[in-house]
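Throughout, read-outs are computed from the coordinates displayed, never taken from laboratory work. The shown structure was predicted, so the numbers you read here are calculated from the model rather than taken from an experiment. Ideal geometry is used to build each Cβ from the backbone, glycine not excepted, and the neighbour counts take in all protein chains shown.
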Amino acid sequence: MARKIRVLVGKAGLDGHDRGAKVVASAMRDAGFEVIYTGLHQTPEMIVQAALQEDVDVVALSILSGAHMTLFPRVWQLMRDRGLNDVLLTGGGIISKEDMEALRKLGVGDLFGPGTPTGAIIDYVRGWVAANRAGKVGSASGTGRRA
Amino acid sequence: MANGRTQTPPETPASTGAAPAGAAARSGAPAEPRFETMSGIPLKAVYTEADRRADLQERLGEPGAFPYTRALFPEGYRTRLWTMRQFAGFGSADDTNQRFHYLLGQGVTGLSTAFDMPTLMGYDADHPMSLGEVGREGVAISTLEDMETLFRGIPLDKVTTSMTINAPAIVLLAMYVAVGEKQGLKPSQLGGTIQADMLKEFIAQKEWICPPRPHVKICVDMIEWCAANMPKWNSISISGYHIREAGATAAQELAFTLADGIGYVEECVKRGMDVDDFAPRLSFFWDVHNDFFEEIAKFRAARRIWATTMRDRFGAKNPRSWMLRTHAQTAGVSLTAQQPLNNVARVAIQALAAVLGGTQSLHTNSMDETLALPTEEAVTVALRTQQILAYETGVANVVDPFGGSYFMEALTDTMEAEALATIKRIDEMGGIIAAVERGYPQKEIADSAYRFQQQVERGERVIVGVNKFASDADELSIPVLKIDPDIERRQSERVKSVKATRDAARHAAAMKALRDACMSDKNLVPFVLDAVRAHATLGEISDLFREAYGVYREPAVF
């Protein structure tokens, strides 16, 4: 039997808005994923350390404080530095389309804004992990880039 | 309580909407349509004389008289219109000062300050935890100099200001008093509000420095000091807003917020304060969501519960201690990123409910707030919405127009009964502080948030433009406010420059006195005020609190 999909749901930075992170974590748990929730006020280093220790397939960050253009690239870089090359970095929050596109170019996966059904996030994660386990994607964006 | 909360009968999924995810749940016979409020209170098709309680008149009172169900003042908005108070803050103190002047020029009648995340959490702009957050979600304030810039050209004895700050609220209160001193004003001349409600931080907004009990002690210090020195100042704004935004229903918002209020009153009384010395300056803050009648009922029930509690439970004798004065804000969480112009309609309806509910002060959200902080254009439409309500619709002419309505009175009674049952449960847990420490309200709210999301995804709850009447076309894009990326560097330099140029001996002495006071049970306000006058920064003072009281880490449960 295939290993369950393991997801780290993380709150990076000072942002205290945890409604979305908890709702997504609950939905993923109910979808059969193993979910580890970091709790609030984590640094990028703490998040990547937890991802490494928990051996996750996916890191999902929730950022509603406007700090996404700083925090996503830092987590992304630390994941490269620690060798987490086949772990998806995805997430959501108040993030403009323009910023989502810029982060995608960096290698971050799809990001989800307000109003997204949790099912869409779950389908995306499931699809990415299946493709990754089959060796079809090389980086979070699925574009085959490797750091 | 019922789980399903269908407000409209289920029908075939709209051709334009997303298909309900839980189609399987509807297998078999079609479910009976259910009519309920957003909180899950069942609704009849019509309310009649049979729903009227025999003691209605006593439970209503006249407007301006106990228990204030109808209104705080006999003539309602004829005496005084609500304050149009738009929450604003972004970038540097200079950027926000310009927005304040713009808003005052457009006719706002009070200011309200939004601080950035580092300020809210007690970090200076140059702290490593502040990385990427400076000026993003509000204005960055680290020093007294920043605070002076923020209120440059604004006479603090003429304009009232509300400050949405909690964990380091005592520092911002001291800075405000110090800026007033520089304008030649005494604390007694300053009017406004500081949020300083830490219980709802642990329950919902999640911005803290220390564990709950020391934070509540500092809140009580502020209530006590303001009662003696700032007769025109609201020393706390007991807030349901964040509780609701985090996922609570209207009934839960009502219950947890009033329970918080009871908690603060208990702590003040324990310190030996006379309830009538501080209770008149306690203020409240409600969220206003889409369920029109339920929201109005919430305001009415809140006034009745508070008046009764203050008089009968705490023995308050001054009628001003019985009066629940409140600010209100339309529900940010109800806004949609999809079809953002629709938000203008939502905000207008919510604002109308707040006015019919009898709010003393109102913020209307801007249509673009699910995308970023609002642009000047979006803020103006939001303010104009209030002005249209006040000056075009006639709704301010008559006090409590729904008073005596069979339906409104029944709904007010039900909201009251649900809130009182929850407050009783909290009392049995040993009070709200104990309930918060064991995570009771936090868990209830998270469960409500998840239930709400599931209902949306099953199509049981309609969100126009999101799960029904969605548009396949590219979303209309509206302009979005951009924050200057250089703000962090400039703000960090300002902090460093203040530290380099202040009188080091005076600073050290004030900090030592504050550190000693933290180890005692003295009221901290005078010590923080001295530290701020000596140009101690927000981060330095917060660090003293971390050292004295420890830091708080919430158990990570979902």
Checklist outcome for this item: Links exceeding 29 Å between C-alpha atoms in this model, out of B:Lys158/B:Lys499; A:Lys105/B:Lys499; A:Lys97/B:Lys468, come to B:Lys158/B:Lys499; A:Lys105/B:Lys499
Checklist entry - So what is the diffusion coefficient of the stretch B:91-145 in µm² per second by Stokes-Einstein at 20 °C and 1.002 mPa s, using a Kirkwood Rh over Cα pairs? => result 182 µm²/s
Checklist entry - What size of dipole, in debye to the nearest 20, comes out for the protein assembly as shown about its Cα centre when the only charges are +1 on Lys and Arg C-beta atoms and -1 on Asp and Glu C-beta atoms? => result 460 debye
Next on the checklist: Please arrange B:Leu371, B:Leu481 by how many other C-beta atoms lie within 10 Å of their C-beta, fewest to most.
Outcome noted: B:Leu481, B:Leu371
Item to check | Reach of B:Lys522 by Cα under 13 Å, taken over aspartates and glutamates that are not fewer than 8 positions away in the same chain | outcome: B:Asp221, B:Glu224
Next on the checklist: Can you give me the orientation-averaged projected area of the convex hull built on the Cα atoms of the stretch B:72-457, in nm²?
Outcome noted: 18.2 nm²
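Divide by every residue of chain B the summed helix terms, -39500 (n - 2.57) for each DSSP H run of at least 4, and state the resulting mean residue ellipticity at 222 nm, rounded to the nearest 500 deg cm²/dmol.
Per the formula, -13500 deg cm²/dmol.
Could you work out the mean projected area of the convex hull around the alpha carbons of the stretch B:192-244, in square nanometres to one decimal?
Values: hull surface 14.2 nm².
In nm², the orientation-averaged hull projection of the stretch B:192-244 is 3.6.
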Checklist outcome for this item: Amide H neighbours of A:Tyr37 at under 5 Å, excluding residues fewer than 5 places away on the same chain, with H built from the backbone geometry, are A:Val9
Checklist outcome for this item: Put in order of increasing Cβ neighbours within 10 Å, starting from the fewest, B:Leu352, B:Leu144 give B:Leu352, B:Leu144
Checklist entry - Relative contact order, percent, of the stretch B:72-457 when contacts are C-alpha pairs under 8 Å separated by at least 6 residues? => result 17 percent
Item to check | Extension reserve of the B:Arg152-B:Gln183 stretch, reckoned as 0.36 nm per residue once the Cα distance is removed | outcome: 10.2 nm
Checklist outcome for this item: Cα-based Debye curve of the stretch A:6-133 sampled at q = 0.17, 0.21 Å⁻¹ gives log₁₀ I(q)/I(0) of -0.80, -1.33
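Beyond 21 Å, what share of the Cα-Cα pairs of the stretch B:49-155 is found? Please give it as a whole percent.
Across the stretch B:49-155, Cα pairs with separations above 21 Å total 55 percent.
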Checklist outcome for this item: Counting only residues 5 or more apart in sequence or on a different chain, those whose built amide H sits under 5 Å from that of B:Leu72 are B:Gly64
Item to check | Long-range HN-HN contacts of B:Phe115 with modeled amide H, under 5 Å | outcome: B:Val139, B:Thr164
Checklist entry - Given 5 Å bins starting at zero, what is the percent of C-alpha pairs of the stretch B:232-377 in each, up to the one with the largest pair distance? => result 2, 10, 19, 21, 17, 12, 9, 5, 4, 1, 0
Next on the checklist: As a quick test, which of the pairs B:Lys270/B:Lys512; B:Lys200/B:Lys443; A:Lys22/B:Lys443; A:Lys22/B:Lys482 have an alpha carbon distance above 18 angstrom in this structure?
Outcome noted: B:Lys270/B:Lys512; A:Lys22/B:Lys482
Checklist outcome for this item: FRET efficiency for B:Leu341 and A:Ala102 from the Cβ-Cβ distance with R0 = 25 Å, rounded to 0.05, comes out at 0.45
Checklist outcome for this item: Expressed as a percent, the portion of alpha-carbon pairs in the protein assembly as shown spaced more than 35 Å apart is 43 percent
Checklist outcome for this item: If B:His363, B:His101, B:His535, B:His327 are placed from fewest to most neighbouring beta carbons inside 10 Å, the sequence is B:His101, B:His535, B:His327, B:His363
